Amino acid sequence: MSSTSRSQSRRPTRSSLACLPCRSRHLKCDGKRPCCARCTDAGKQCSYAPSRRGGLDRAALAERRKRLTATDGPRSTSSVDDSRPQRFTTPGQAHERAVQPAEVDFSQNSALLDTTMSGNGTSNIPLTVASVARIISIEDDALIDAYYKNFHKSHPFILPRKHLAKMYNDLGRQPGFTPLIAVLRLIGNIYTSKGWSIPLQEYTETCFAQVAPSDPIMVQCRLLYSMALFWYDYKADAKKEMDRATKLAIDLQMFRQEFAVSHGAGDPVLKESWRRTWWMLFIVDAYYAGTLGTMNMAVVDIAATVELPCEESEYESENIPEPKTIEEFNCREFSPEGTKFSSFAYLIGAVQCAASAISVIPKTVVKEDSPHVIQAADCGLEGWRLLLPADYKQVMTNTGEIDELMFQAHLLIHVATIGLHRPFSTLKFNAVEDVSSCARAAPLDTPTPDLVNVHTVRVLRSAEAQIRLLALPVQEFCHSPFTTCMVSEGTLALLSACKFLYKGKDLAVARDQIRMMIGCLKLLGEVWPRTARNVRELQTIGQYVLGVGSRVESHSDASNSTEGLHAFGGEGSLSSSTDVLSSDADILSSLSSIQDLCGWYDLGGLTDLPWGMGDGS
């Protein structure tokens, strides 16, 4: 055998059958079906592109091409092959095809809407329609319908559907809206197929590349894209998109009142959309900080003069009133009786209160900080609740509809309360939490007993308030994926109470509440893989805390082994230098070392490492 042959024989074989998630992230894949090892370890949905041959040999393929040529004419021979989305060869061609009307009316045949790969590795539709984002009617497109039905109500900052359709029908404006339509369909597809579409993702990124980088619509596009990436567990890509959206918004000075006027083209609805875009960036920036356990809010301290959003019904009806200002909202305690602000405004206020309250607490708390929490930080959170008008204290209308923005606002206030008070309560953590780069250092000593009771009651009442929100009678549990970590914090507090506080009937009730909370998160996890991963982590924590499940070891064994904690494999597994957990309490306290499970009580621990990038994820 020649040296060349020997070197070739020693060359490792490369799997040409990499799954779609690994391929999209340029990771090595073992090609195992139905789920590769990497996706199994990460808990991701694994899917494969269908065979390019479609199960036919060369002769059969040649015969099929002849039939297609005879049926459709020469034009069909230049089409893409049947297995993957059409690739644009030049930016000019990509832009030209993106804004051209579709040859296929997707509204008449929902089977031609997408090229999403299902979980069993097969394609849901023929990939010959792989230039997937060209649509005829926004009003009739199934993926856009899914976006507005499921996602828009949680983050309502782009134009209402009817108004968007009206503007998109203006051929002169279509190219500018192409990237937005693409990302709406990508998110809509997540809900309809419960999967991530690589063709739609590639088309979306192609559209992004064709728009001027300074176009303000890219703030909307990148903000939406970042959220979808993050909750599909593409954390690094999500960070890049959020950073770009934030930088562009600041460069364009979207936070100024004049921006909406100068870019609104005299259209009150478009002006309102621009105002909402800045405030949604403000909210999502805070959500990311809370979810990841950092205090790196990029826009919270910007002195915004942009006016506040109106009510959702006014926005949808295109009847935009004279907007109120953030200064008016922050002085609402002195406003005349009957002065009203929108649900969006109260959500903005909740973010302000939570950020302000948490910022006054030092990274490492001691018992002397306890009165400060009650006297200063608590006042802002309690003031937000006390100043709510009566109809905003109830998030469900008499027709059974949920005010999604008020739902988020109440959850946010409660999770901030839990985060502030738990370090001073009897629901303790342990010094082993220091192994997590996201964790706040544990208190050095114990607060006085009287204040312990105050803090403990605050935590438990906020957790119970979260439960009441989750127990609202709705037909379908469909909320923002950012509620994942808000609900998780309440679940962790209840687990601690079950371990250290509750007994008898109270314990049984709390266990039922935990079941409901995890059940709600499971429903979100059917759509968003990151939520599904958090559910598995909560289940693992709960098994050890409550002493249930197949992974539970005896008390004596727990002090000598952490195999169970390592077994579920997350990026936040304990390091070998801190393997030993001395008791069940230590096992409970180690919960915050799980990789960015949720960080609302750990805010401020990573001022130099945005997005928790120091945790290895």
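Tabulated data
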| quantity | calculated |
| --- | --- |
| The range 323-405: GluC sites (Glu not before Pro) in DSSP coil with no more than 16 other Cβ atoms inside 10 Å | Glu337, Glu401 |
| Order by protection proxy (mean Cβ within 10 Å, highest first), peptides 175-188, 408-421, 313-326 | 408-421, 175-188, 313-326 |
| Solvent exposure of the range 267-379 as accessible area per residue, Å², 1.4 Å probe | 39 Å² |
| Volume of the Cα convex hull of the range 167-296, divided per residue and given in Å³ | 117 Å³ |
| Loop-resident sites, the range 454-504, for GluC sites (Glu not before Pro), counting at most 12 other Cβ within 10 Å (DSSP) | Glu476 |
| Listed residue pairs exceeding 18 Å between alpha carbons, taken from Lys166/Lys271; Lys149/Lys194; Lys44/Lys194; Lys340/Lys393; Lys239/Lys522 | Lys239/Lys522 |
| Anchor Lys505: lysines whose Cα lies under 25 Å away (excluding residues fewer than 8 positions away in-chain) | Lys428 |
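The values are calculated or read from the model by the stated rules, or taken from the named source; none is laboratory data. What you see is a predicted model; the values in this text were computed from it and never measured. As a convention, Cβ positions derive from the backbone with ideal geometry for all residues, glycine included, and neighbour counts pool all protein chains shown. Ligands, DNA and RNA are stripped out before the accessible areas are found, and what is left, the full protein with its side chains, is counted by its heavy atoms. Shrake-Rupley method; radii C 1.70, N 1.55, O 1.52, S 1.80 Å.
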